[in-house]
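What follows is a single structure, written as C-alpha coordinates, with notes after it.
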Amino acid sequence: MSLLEVERRVAHQPTDLFNLVGDVRRYPEFIPWIKAMRVSQIKEEGPKTRFLAEALVGFKMIRERFSTWVARDAEALSIAVDLHSGPFKVLQNRWKFLPDGRGTLVKFAIDFEFSSSLLQMVLSANKDIAAQMIMDAFIREADRRYGHQSAIS
(Lines give C-alpha, C1' and ligand atoms only; values in the text may rest on other atoms or scores of the structure.)
Protein backbone atom coordinates (compact mmCIF):
# COMPACT_ATOMS: atom_id res chain seq x y z
CA MET A 1 0.00 0.00 0.00
CA SER A 2 1.04 3.59 -0.47
CA LEU A 3 -0.04 5.92 2.32
CA LEU A 4 0.43 9.59 1.53
CA GLU A 5 -0.35 12.52 3.80
CA VAL A 6 -0.40 16.19 2.86
CA GLU A 7 -1.15 19.15 5.12
CA ARG A 8 -1.56 22.69 3.92
CA ARG A 9 -2.68 25.93 5.55
CA VAL A 10 -5.06 27.75 3.25
CA ALA A 11 -6.59 31.22 3.61
CA HIS A 12 -10.15 30.00 2.92
CA GLN A 13 -12.90 29.13 5.38
CA PRO A 14 -13.19 25.49 6.52
CA THR A 15 -16.84 25.20 5.43
CA ASP A 16 -16.00 26.52 1.94
CA LEU A 17 -13.24 23.95 1.55
CA PHE A 18 -15.45 21.17 2.95
CA ASN A 19 -18.16 22.08 0.42
CA LEU A 20 -15.66 22.21 -2.44
CA VAL A 21 -14.12 18.79 -1.71
CA GLY A 22 -17.57 17.31 -1.04
CA ASP A 23 -18.91 18.53 -4.40
CA VAL A 24 -17.59 15.53 -6.34
CA ARG A 25 -19.95 16.04 -9.30
CA ARG A 26 -17.85 19.06 -10.30
CA TYR A 27 -14.43 17.34 -10.13
CA PRO A 28 -14.21 16.97 -13.95
CA GLU A 29 -14.30 20.78 -14.17
CA PHE A 30 -11.00 21.25 -12.33
CA ILE A 31 -9.17 17.93 -11.90
CA PRO A 32 -7.69 17.17 -15.33
CA TRP A 33 -7.48 13.38 -15.03
CA ILE A 34 -11.12 12.99 -13.95
CA LYS A 35 -13.04 12.76 -17.20
CA ALA A 36 -16.53 12.07 -15.82
CA MET A 37 -18.26 11.68 -12.44
CA ARG A 38 -21.67 10.34 -11.46
CA VAL A 39 -23.25 10.37 -8.00
CA SER A 40 -26.02 8.00 -6.87
CA GLN A 41 -27.52 6.31 -3.80
CA ILE A 42 -27.54 9.53 -1.78
CA LYS A 43 -28.50 9.11 1.88
CA GLU A 44 -28.73 12.09 4.22
CA GLU A 45 -28.96 11.83 8.01
CA GLY A 46 -28.71 15.24 9.66
CA PRO A 47 -25.23 16.67 9.05
CA LYS A 48 -24.02 13.41 7.47
CA THR A 49 -24.36 12.49 3.80
CA ARG A 50 -23.27 9.25 2.17
CA PHE A 51 -23.29 8.47 -1.56
CA LEU A 52 -21.73 6.38 -4.28
CA ALA A 53 -19.39 8.27 -6.63
CA GLU A 54 -18.48 6.66 -9.95
CA ALA A 55 -15.51 8.15 -11.79
CA LEU A 56 -13.90 7.78 -15.18
CA VAL A 57 -10.22 8.76 -15.01
CA GLY A 58 -7.64 9.05 -17.73
CA PHE A 59 -3.84 9.30 -17.66
CA LYS A 60 -2.31 9.48 -21.13
CA MET A 61 -3.34 6.13 -22.71
CA ILE A 62 -4.80 4.63 -19.53
CA ARG A 63 -8.55 4.92 -18.87
CA GLU A 64 -10.15 3.35 -15.82
CA ARG A 65 -13.51 3.42 -14.06
CA PHE A 66 -13.91 3.06 -10.34
CA SER A 67 -16.47 3.81 -7.68
CA THR A 68 -16.19 4.88 -4.07
CA TRP A 69 -18.44 5.44 -1.10
CA VAL A 70 -18.17 9.04 0.05
CA ALA A 71 -19.19 10.02 3.59
CA ARG A 72 -19.39 13.73 4.38
CA ASP A 73 -19.82 14.97 7.94
CA ALA A 74 -20.65 18.69 8.01
CA GLU A 75 -20.32 18.93 11.82
CA ALA A 76 -16.88 17.33 11.93
CA LEU A 77 -15.83 19.02 8.66
CA SER A 78 -14.49 15.71 7.42
CA ILE A 79 -14.86 13.57 4.32
CA ALA A 80 -14.06 9.86 4.10
CA VAL A 81 -13.79 7.99 0.80
CA ASP A 82 -13.63 4.19 0.56
CA LEU A 83 -13.35 1.85 -2.42
CA HIS A 84 -16.51 0.25 -3.77
CA SER A 85 -15.18 -1.21 -7.05
CA GLY A 86 -12.48 -0.69 -9.63
CA PRO A 87 -8.83 -1.34 -10.44
CA PHE A 88 -7.69 -1.04 -6.82
CA LYS A 89 -7.08 -3.54 -4.06
CA VAL A 90 -7.23 -0.64 -1.61
CA LEU A 91 -8.40 2.94 -1.96
CA GLN A 92 -9.16 5.20 0.99
CA ASN A 93 -8.80 8.89 1.45
CA ARG A 94 -9.60 11.23 4.27
CA TRP A 95 -10.04 14.99 4.35
CA LYS A 96 -10.19 17.08 7.52
CA PHE A 97 -10.67 20.85 7.58
CA LEU A 98 -9.47 22.44 10.83
CA PRO A 99 -10.05 26.12 11.51
CA ASP A 100 -6.94 28.01 12.44
CA GLY A 101 -6.58 31.70 13.12
CA ARG A 102 -5.89 32.68 9.53
CA GLY A 103 -7.97 30.19 7.56
CA THR A 104 -7.89 26.42 7.51
CA LEU A 105 -5.45 23.61 8.08
CA VAL A 106 -6.34 21.05 5.41
CA LYS A 107 -5.29 17.48 6.16
CA PHE A 108 -5.44 15.00 3.31
CA ALA A 109 -4.45 11.34 3.52
CA ILE A 110 -4.74 8.75 0.78
CA ASP A 111 -3.93 5.04 0.90
CA PHE A 112 -4.07 3.05 -2.32
CA GLU A 113 -2.90 -0.11 -3.98
CA PHE A 114 -3.74 -1.06 -7.56
CA SER A 115 -4.71 -4.59 -8.50
CA SER A 116 -2.41 -4.26 -11.52
CA SER A 117 1.28 -4.37 -10.62
CA LEU A 118 2.04 -2.22 -13.70
CA LEU A 119 -0.36 0.55 -12.61
CA GLN A 120 0.97 0.31 -9.06
CA MET A 121 4.55 0.66 -10.26
CA VAL A 122 3.74 3.68 -12.45
CA LEU A 123 1.84 5.54 -9.75
CA SER A 124 4.17 4.56 -6.89
CA ALA A 125 7.07 6.14 -8.76
CA ASN A 126 5.16 9.45 -8.76
CA LYS A 127 3.03 9.15 -5.62
CA ASP A 128 4.36 12.22 -3.81
CA ILE A 129 3.82 14.35 -6.90
CA ALA A 130 0.31 12.91 -7.30
CA ALA A 131 -0.71 13.84 -3.74
CA GLN A 132 0.61 17.39 -4.19
CA MET A 133 -1.18 17.68 -7.54
CA ILE A 134 -4.47 16.68 -5.91
CA MET A 135 -4.06 19.28 -3.16
CA ASP A 136 -2.95 21.94 -5.67
CA ALA A 137 -6.00 21.30 -7.89
CA PHE A 138 -8.35 21.87 -4.96
CA ILE A 139 -6.56 25.00 -3.79
CA ARG A 140 -6.63 26.50 -7.31
CA GLU A 141 -10.36 25.78 -7.51
CA ALA A 142 -10.94 27.29 -4.05
CA ASP A 143 -9.11 30.43 -5.16
CA ARG A 144 -11.25 30.56 -8.32
CA ARG A 145 -14.56 30.00 -6.50
CA TYR A 146 -13.97 32.03 -3.36
CA GLY A 147 -11.47 34.67 -4.47
CA HIS A 148 -7.71 34.32 -4.80
CA GLN A 149 -6.23 33.70 -1.39
CA SER A 150 -3.30 31.30 -2.00
CA ALA A 151 -1.87 28.95 0.55
CA ILE A 152 -0.55 30.38 3.81
CA SER A 153 2.18 27.73 4.09
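The values are calculated or read from the model by the stated rules, or taken from the named source; none is laboratory data. Values in this document were obtained by computation on a predicted structure and should not be read as measured data. Here Cβ is always computed from backbone atoms with ideal geometry, including for glycine, and neighbour counts include all displayed protein chains. The area values use the complete protein model at the heavy-atom level, side chains included, leaving out ligands, DNA and RNA. Shrake-Rupley method; radii C 1.70, N 1.55, O 1.52, S 1.80 Å.
In table form, for the structure just shown:
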quantity: Rough spin-label spacing in nm, given labels placed 7 Å along Cα→Cβ, for His84 and Ala109; calculated: 2.4
quantity: Longest segment of the chain lacking trypsin sites (Lys or Arg not before Pro) that sit in a DSSP loop with at most 15 other Cβ atoms within 10 Å; calculated: 1-59
quantity: Net length gained if the chain between Glu29 and Gln92 were fully extended (0.36 nm per residue, minus Cα distance); calculated: 20.4 nm
quantity: Gain on full stretching of the segment that runs from Met61 to Ala36 - 0.36 nm per residue minus C-alpha separation; calculated: 7.4 nm
quantity: Per-residue [θ]222 nm for the chain (sum of -39500 (n - 2.57) over DSSP H runs n ≥ 4, rounded to 500); calculated: -8000 deg cm²/dmol
quantity: Most to least accessible of Tyr27, Tyr146 (protein chains only, probe 1.4 Å); calculated: Tyr146, Tyr27
quantity: Tail beyond 17 Å, pair distance distribution of segment 1-64 (Cα, percent); calculated: 59
